[in-house]
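Trainee: Can you read through this structure? Questions will come right after.
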Amino acid sequence: MTSPVEIEVRTGSQSYSIVMGPGLLSRPELLQPHLAGDQVMIVSNTTVAPLYLETLAESLSGRRIHTCILPDGERYKDFDRYRQILDALADAGCHRNVTLIALGGGVVGDLTGFAAATWQRGVPYIQIPTTSLAQVDSSVGGKTAINHPRGKNLVGAFHQPRLVLTDTQT
């Protein structure tokens, strides 16, 4: 098994790791320490979920796993999808002990991060970027946002992830 590369990111208020390497979705020991409680909400999309959701869920065994699957595409980074995530959290009875996990590209990461920043005044989340751009840009720095009909990324917050897990096989 190849050892992953780990980079520590320090912000003014906290620090978190970016862990990179092949096969990391199948490494529960990398995820488990970053989960806030027994509830996990995985947010993904219709393209990525069929490929990687099952592997990720297996790494989260012992937790109550909920999912929210969004349509794929930039045009869905909107209030309706944001509300879809919040509705899924409410329907699952998620409280402050939930950890959100973004499994997808930049749209999924931005939406999930913004939902995590605002659900019950902020809950932890983990970024698992599955596109090259998301791996080097949107998953790092805590930039979370949704688009407004009048412009891109007009509604958002800075909310740092607990972990960025970059599985290079995705």
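Trainee: Mind checking the stretch 1-61 for GluC sites (Glu not before Pro) that DSSP puts in a loop (not H, G, I, E or B) and that have at most 11 other Cβ atoms within 10 Å?
Mentor: none
Trainee: Residue by residue, what Karplus-based ³J(HN,Hα) values in Hz, rounded to whole numbers, does the stretch 2-8 have, using 6.51, -1.76 and 1.60 with θ = phi - 60° and x for Gly and Pro?
Mentor: Running phi through 6.51 cos²θ - 1.76 cosθ + 1.60 with θ = phi - 60° gives 6, 6, x, 8, 10, 10, 8 Hz.
Trainee: Just to check I understand the Karplus step: with θ = phi - 60° and J = 6.51 cos²θ - 1.76 cosθ + 1.60, what whole-Hz values come out for the stretch 99-104, glycine and proline as x?
Mentor: So the Karplus estimates, Gly and Pro as x, are 10, 8, 10, 8, 10, x Hz.
Trainee: Which far-off residues, 5 or more places away or on another chain, put their amide H under 5 Å from the one on Thr46, with H placed in the peptide plane?
Mentor: Hits under the 5 Å cutoff: Leu70, Asp72.
Trainee: For Val155, enumerate residues with amide H under 5 Å from its amide H, sequence gap 5+ or separate chain, H modeled in the peptide plane.
Mentor: Answer set, sorted by chain and number: Ile146, His148.
Trainee: Using the heavy atoms of the protein chains and a 1.4 angstrom probe, tell me the accessible area per residue for the chain in square angstrom.
Mentor: The answer is 47 Å² per residue.
Trainee: At what distance in angstrom do the alpha carbon centres of the stretch 23-59 and the stretch 75-99 lie from each other?
Mentor: 17 Å
Trainee: Could you compute the FRET efficiency for Arg150 and Arg121, with r as their C-beta to C-beta distance and R0 at 25 Å, rounded to 0.05?
Mentor: Approximately 0.40, to the nearest 0.05.
Trainee: Further question: For the stretch 50-61, in order, what is each residue's ³J(HN,Hα) by Karplus, 6.51 cos²θ - 1.76 cosθ + 1.60 with θ = phi - 60°, in whole Hz (x at glycine and Pro)?
Mentor: Couplings: x, 8, 10, 4, 4, 4, 5, 4, 5, 6, 10, 4 Hz.
Trainee: Which FRET efficiency value, to the nearest 0.05, do you get for Arg96 and Thr11 by plugging their Cβ-Cβ distance into 1/(1 + (r/R0)^6) with R0 = 25 Å?
Mentor: Efficiency at R0 = 25 Å is approximately 0.75.
Trainee: For the chain, the longest stretch holding no trypsin sites (Lys or Arg not before Pro) located in a DSSP loop with at most 15 other Cβ atoms within 10 Å is which?
Mentor: 1-95
Trainee: In whole percent, what relative contact order does the chain give with Cα contacts below 8 Å and a gap of six or more residues?
Mentor: Taking the mean separation of contacting Cα pairs over the length of the chain, I get 25 percent.
Trainee: Another one. Determine the dipole magnitude for the chain: charges of +1 sit on the beta-carbon of Lys and Arg, -1 on that of Asp and Glu, nothing else is charged, the reference point is the Cα centre, and the result goes in debye to the nearest 20.
Mentor: It works out to roughly 500 debye.
Trainee: Evaluate the distance, in nm, between pseudo-label points positioned 7 Å from the Cα of Arg75 and of Glu58 along their respective Cα→Cβ axes.
Mentor: Rounded to a tenth, the inter-label distance reads 3.6 nm.
Trainee: Further question: Under a 1.4 angstrom probe, counting protein chains only, how are Val19, Val5 ranked by accessible area, largest first?
Mentor: Largest accessible area first, the residues go Val5, Val19.
Trainee: Share of the chain's accessible area from carbon and sulfur, percent, 1.4 Å?
Mentor: 51 percent
Trainee: What is the P(r) of the stretch 74-138, as percent of Cα-Cα pairs per 5 Å bin from 0?
Mentor: 4, 19, 29, 25, 15, 6, 1
Trainee: OK, next. I want to verify the translational diffusion coefficient of the chain in µm²/s; compute it with Stokes-Einstein, Rh as the Kirkwood radius over Cα pairs, at 4 °C and 1.567 mPa s.
Mentor: Roughly 83 µm²/s, to the nearest whole number.
The values are calculated or read from the model by the stated rules, or taken from the named source; none is laboratory data. None of the values given here were measured: they were computed from a predicted structure. Glycine also receives a Cβ, built like all others from the backbone with ideal geometry; neighbour counts cover every protein chain displayed. Heads up: the accessible areas ignore ligands, DNA and RNA and are worked out on the full protein's heavy atoms, side chains in. Shrake-Rupley method; radii C 1.70, N 1.55, O 1.52, S 1.80 Å.
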